[in-house]
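The structure appears below as structure tokens.
The values are calculated or read from the model by the stated rules, or taken from the named source; none is laboratory data. Everything numeric here is computed off the predicted structure, so don't read it as measured data. Reconstructed Cβ throughout: ideal geometry from the backbone, glycine too, with neighbour counts over all protein chains shown. Heavy atoms of the whole protein, side chains included, go into the accessibility calculation; ligands, DNA and RNA do not. Shrake-Rupley method; radii C 1.70, N 1.55, O 1.52, S 1.80 Å.
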Amino acid sequence: MKKKHTRYLSVAAYLALRFSLLITIIILVLSFAIVLLLRSNIRIQQNRELFFAMDRISSSFSEMISQNSETTEEILLNDELPYYILFSVYRGGSSVVFKTDDPFLPKLPVTNGRTVRYRSRDYFIDGDLNILYCAKQYKTDSGELFTVEVALNMDRDTSERLLSGLPRLMLILFFPLLLISFRAALLITRRTLKPVKEMIEMAQKISSANLSQRLPVAGTGDELDTLASTFNDLFSRLKADFDRERQFTSNVSHELKTPLAVILGHANLIRRWGKNDSVQLEKSINALITESHSMEAIITNLLLLARLENGVEKLSMMPVPVKPLLNRLADDTSVWSPETTFTYDSVPDMTVVTAEEELLYQAFTIIVSNSIKFAASLVRITVETREENMRVIITFTDTGPGIEPEILPHIFERFYRGDPSHNRNAGGSGLGLSIAKVIMDVMHGSISAGNAPEGGAVLTLALPAVQK
């Protein structure tokens, strides 16, 4: 059965759609806000015109009554009212029209000076009545009551008709505006994301076999350049890790190949004539035991490194006095290297660090054995301590030949012994100092190497100090 593939929007289309929707909604909201603002301003202007007309009409009518004039038409026509203002004047509270400019204007309730929208469907033969009116009752100086009613025909008001049609027009324009903004946003987004597409194509070509390739960097300094530079840095670190792993595999193979070859050689000797030659048999058995111990040491060290780095080795961190640990180190070293002397009188008795005691002692042992291994004569090891920034600095200085400058940057690399041929006669497997570094790392400490001005190697350890 053929598997169906779900098709998703591209990032460019997705961003363009969201952007166009946002822009369209913003335009519509602003347009409606502008319409409401215009409608409010027009309504204020209409109210002013109605109030002005009502005041003029009431003033004219009051003047007419006070003068006992019967020519009310002349008085009201001289008020120069706008042609679009409709009005009616009623005597008292009755519905009897005293004066009007539109006989079809109905008698409406008094609004006490407020404007009110009034609609009446099928009021006319050809349409509805749609007005904005204001009706107020007045009293003359003689106490006579009259009512003034003024109105605007909203169906004939140009601004009102224009504003009432705008919402419908904006809704009609919504989809064309959305489509146009989407096309424009999609074009801009695709151009903006073009470097991302190039990075994807380049990243798809990169594998463990060609980690030297890099993503293109435009040099603009923007976020995409930062992303490309970040990935390039990541590829550089991955390449370094892969190179180290390949070198590590090669070194392990080299380290194990030699003892296996020796074991195989002596096994063949025993099989051929060692059974009848007691000397050769004893020699071959000793060689087999020696090489087996050598392989066991390599495997044990590798397993220790793996457990420490993967967090399998559980640490028991506690306060560890440094002076007793150095006493133990000197006593144990004197058993297998009596000619080695220690000087650590300057280490205070109260120097205490936070560490796992046995792992710290193993790191000390690695440093001392490394100094003895590469020394050509008697070795004197001086240990000093000092406290800096809540950390105890422990310095081991020997009287050996020191570390060559070209070897110094690689001193903590696995299987590195400063000898490209990995000559086994140099001693050890080249894992000691790398184990010491991992030990210090898991105990939240650090280790560095250097040379003393007067000669000899200097190994410096830093561990968290215990507050007294």
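Here are the numbers for the structure shown:
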read-out	value
Residue, modelled with the lowest pLDDT, within segment 328-347, restricted to residues that are open to solvent by 60 Å² or more (accessible area, probe 1.4 Å) and of a type in the set (S, T, N, Q)	Ser346
Cβ pairs under 9 Å, 6+ apart, first in segment 391-413 and over 20 Å from Gly455 (Cβ atoms), second assigned to a strand (DSSP E or B) and open to solvent by 70 Å² or more (accessible area, probe 1.4 Å)	Val392/Arg386; Ile393/Glu384; Ile393/Arg386; Ile393/Glu387; Ile394/Glu384; Ile394/Arg386
Those residues of segment 176-193 which are touching a helix residue (DSSP H, G or I) at 6+ places or on another chain (Cβ under 7 Å) and either over 26 Å from Arg18 (Cβ atoms) or open to solvent by less than 80 Å² (accessible area, probe 1.4 Å) (or both), in sequence order	Leu177, Leu178, Ser181, Phe182, Ala185, Leu186, Thr189, Leu193
Per-region count, segment 209-221, residues among the β-branched types (Val, Ile, Thr) and surrounded by fewer than 11 Cβ atoms within 10 Å (Cβ to Cβ)	1
Number of positions in segment 412-468 that are among the hydroxyl-bearing types (Ser, Thr, Tyr), modelled with pLDDT under 85 and open to solvent by less than 60 Å² (accessible area, probe 1.4 Å)	1
Per-region count, segment 438-455, residues touching a residue at least 60 places away in the same chain (Cβ under 8 Å), assigned to a loop (DSSP other than H, G, I, E, B) and over 16 Å from Met318 (Cβ atoms)	0
Test: residue in segment 8-24 that is surrounded by 13 or more Cβ atoms within 10 Å (Cβ to Cβ), among the polar types (S, T, N, Q) and modelled with pLDDT of 85 or more	no
Set Glu49, Glu73: member being over 30 Å from Leu178 (Cβ atoms), modelled with pLDDT of 80 or more, acidic (Asp, Glu) and not in a loop (DSSP other than H, G, I, E, B)	Glu49
Condition met for Asp155 (open to solvent by 60 Å² or more (accessible area, probe 1.4 Å) and under 27 Å from Ser60 (Cβ atoms))	no
Some residue of segment 194-208 being open to solvent by less than 40 Å² (accessible area, probe 1.4 Å), farther than 30 Å from Tyr90 by Cα and either part of a strand (DSSP E or B) or hydroxyl-bearing (Ser, Thr, Tyr) (or both)	no
Boolean, Pro401 is closer than 19 Å to Ile447 by Cα and open to solvent by 20 Å² or more (accessible area, probe 1.4 Å)	no
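Residue-by-condition table, conditions (1) touching a Leu at 6+ places or on another chain (Cβ under 6 Å); (2) at pLDDT below 75:
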site	(1), (2)
Ser284	yes, no
Ile289	no, no
Ala297	no, yes
Leu308	no, yes
Glu313	no, yes
